[in-house]
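Asker: Handing you this structure, nothing more for now.
All of the numbers you see were taken from the coordinates with simple rules; none came from a lab. Predicted, not measured: the structure shown is a model, and the values here were computed from it. When we count neighbours, we look across all protein chains shown, and the Cβ atoms used for this are built from the backbone with ideal geometry, even at glycine.
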Amino acid sequence: MTKGPFVAMAGATAALGTALGSLALQLRADGYEQYVESVATFSILMFVTSALTVVTWVRDGRPHTN
């Protein structure tokens, strides 16, 4: 498999995690505390997904042995 899909997926999920993190901070500043925990949790989930995508990318690049 080429590295393009891995790069796109990792970049997109990291960008989404960053956007959601900043949204959580803005919600906290505006007083919407009831939504902050859910948005922050989803933001962390996106960063973990991005990290796991990078791990998969690295493992895919290693030679396969039987």
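Asker: Under a GNM of the chain (C-alpha, springs under 10 Å), which listed residue has the highest mean-square fluctuation: GLY21, GLY31, GLY11?
Answerer: Comparing GLY21, GLY31, GLY11 in the GNM, the peak value goes to GLY31.
Asker: Still on this model: Calculate for the chain the 222 nm mean residue ellipticity that helices alone would give, adding -39,500 (n - 2.57) per DSSP H run of length 4 or more and normalising by residue count, nearest 500 deg cm²/dmol. The partial results should precede the final answer.
Answerer: Details: 2 runs with 56 residues, N = 66.
That comes out to -30500 deg cm²/dmol.
Asker: Within 10 Å of each candidate Cβ there may be at most 15 other Cβ atoms; applying that plus a DSSP loop requirement, which trypsin sites (Lys or Arg not before Pro) in the chain survive? Working shown, then result.
Answerer: On the way: sites: LYS3, ARG28, ARG59; in loops: LYS3.
Hits after loop and neighbour filter: LYS3.
Asker: Among (i) 56, 20, 10; (ii) 41, 21, 13; (iii) 41, 22, 20, which is the computed Cα extents along the principal axes in Å?
Answerer: (i)
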